[in-house]
Amino acid sequence: MEPDVLVVGEALVDVVHAGDGTVDERAGGSAANVAVAMARLGRPVRFATAYAEDGYGAVLADHLSSAGVRLALDPHVLPRTSSAVATIGADGSAHYEFDLDWRLGAVPLEPLPTGVHVCSLGAVVEPGASTVAQLVEALRDHATITYDVNARPSITGTGRDVVARVERVVAMADVVKVSDEDLEALWPDLPVDDAARRLAGLGPRAVVVTRGGEGATW
């Protein structure tokens, strides 16, 4: 079997209430999007995530299966599937309400993956974040670890505890991707370049900072 990549993190359903009264449900989540993209590119991928045996869970299961994503474990460990409800106002602005629960069942370590990708809410929302960190610790000597910080301060807040969870994973990663907005939100007292150097000093081989229309720096 060709070595695969293990993606670890959240999957949820985006529920969009449009101004005309229509409602659209779309499968998403930062980690789920990565797993689906890799599968569609023809890369072997397993996905460690969590959702419930409910209607939204069925939406996620169908989305992942149709893309060719293999699940790394039984995801049914939540009482309800996480969701993000977006209500679009008359002026086009969106108001969001999140119903989020994140935990993870036991992830088999075998077969050993060639890479492990973690990201966003899955790395910082407890109790699942601690499980993610333990999994990365167990696999870091066997796989390339990539981490996309993808901060969501409107959900997680900021401050010492969130920063500590981010830095815990950064210290175990080989490659870290972080945006300038992430850095400004999590380390508001540091210039962006200084915050990036702080992360680089924790141990990763590379820190990539995306800067919107200005491109990226390495």
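The values are calculated or read from the model by the stated rules, or taken from the named source; none is laboratory data. Fair warning: this is a prediction, and the values are worked out from it, not measured in the lab. Methodologically, a virtual Cβ is constructed for each residue, glycine included, from the backbone with ideal geometry; neighbour enumeration extends over all protein chains shown. Calculation scope for accessible area: heavy atoms of the full protein, side chains included, ligands and nucleic acids excluded. Shrake-Rupley method; radii C 1.70, N 1.55, O 1.52, S 1.80 Å.
For the range 38-54, a residue qualifies if it is touching a strand residue (DSSP E or B) at 6+ places or on another chain (Cβ under 9 Å) and without any contact (Cβ under 8 Å) to a residue 40 or more places away in the chain, and the qualifying residues are M38, A39, R43, A52, E53.
At least 1 residues being over 24 Å from A106 (Cβ atoms) is the threshold, and among the strands (runs of 3 or more DSSP E) wholly inside the range 1-62 those reaching it are 12-17, 23-28.
Listed conditions (1) over 25 Å from T146 (Cα atoms); (2) touching a strand residue (DSSP E or B) at 6+ places or on another chain (Cβ under 6 Å); (3) open to solvent by 50 Å² or more (accessible area, probe 1.4 Å) are all met by R70, apart from (1).
Quick grid of which residues meet (1) of a type in the set (K, R); (2) open to solvent by less than 10 Å² (accessible area, probe 1.4 Å); (3) touching a helix residue (DSSP H, G or I) at 6+ places or on another chain (Cβ under 7 Å); (4) within 26 Å of E181 (Cβ to Cβ):
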position	(1), (2), (3), (4)
A52	no, yes, no, no
D74	no, no, no, no
A94	no, no, no, yes
L100	no, no, yes, yes
V107	no, no, yes, no
H117	no, no, yes, yes
A123	no, yes, yes, yes
Q134	no, no, no, no
E137	no, no, no, no
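Restricting attention to the range 161-199, which residues are open to solvent by 40 Å² or more (accessible area, probe 1.4 Å), farther than 13 Å from Y147 by Cβ and in a helix (DSSP H, G or I)? Matches in the range 161-199: D161, A164, E181, E184, D193, D194, R197, R198.
Tallying residues that are more than 17 Å from V166 (Cα to Cα) and over 21 Å from the mean Cα position of the chain (by Cα) within the range 194-217 yields 4. Of the residues examined, V132 is one that is in contact (Cβ under 8 Å) with a residue 60 or more places away in the chain, under 16 Å from M172 (Cβ atoms) and in a helix (DSSP H, G or I). Within the range 55-65, is even one residue open to solvent by less than 60 Å² (accessible area, probe 1.4 Å) and of a type in the set (S, T, N, Q)? The answer is no; no qualifying residue exists.
Contact map, the range 153-174: residues that are hydroxyl-bearing (S, T, Y) paired with residues that are open to solvent by 20 Å² or more (accessible area, probe 1.4 Å) and modelled with pLDDT of 95 or more, Cβ distance under 7 Å, separation 6+ or inter-chain. Pairs shown: T156/V125; T158/A185.
If the condition is being in contact with a strand residue (DSSP E or B) (Cβ under 7 Å, 6 or more places away or on another chain), in contact (Cβ under 8 Å) with a residue 40 or more places away in the chain and surrounded by 13 or more Cβ atoms within 10 Å (Cβ to Cβ), then the range 8-27 contributes V8, G9, A11, L12, V13, D14, V15, V16, H17.
Please count how many residues of the range 111-136 are more than 18 Å from R46 (Cα to Cα) and either of a type outside the set (S, T, N, Q) or more than 15 Å from the chain's Cα centre (by Cα) (or both). Explain how you work it out, then say what you get.
Quick first cut of the range 111-136, residues more than 18 Å from R46 (Cα to Cα) only: 121, 124-127, 129-130.
Now restrict to residues that are either of a type outside the set (S, T, N, Q) or more than 15 Å from the chain's Cα centre (by Cα) (or both): 121, 124-127, 129.
Residues in the range 111-136 being more than 18 Å from R46 (Cα to Cα) and either of a type outside the set (S, T, N, Q) or more than 15 Å from the chain's Cα centre (by Cα) (or both): 6 in total.
Selection of strands (runs of 3 or more DSSP E) fully inside the range 64-123 by the criterion of at least 1 residues being modelled with pLDDT under 95 returns 83-88, 94-99.
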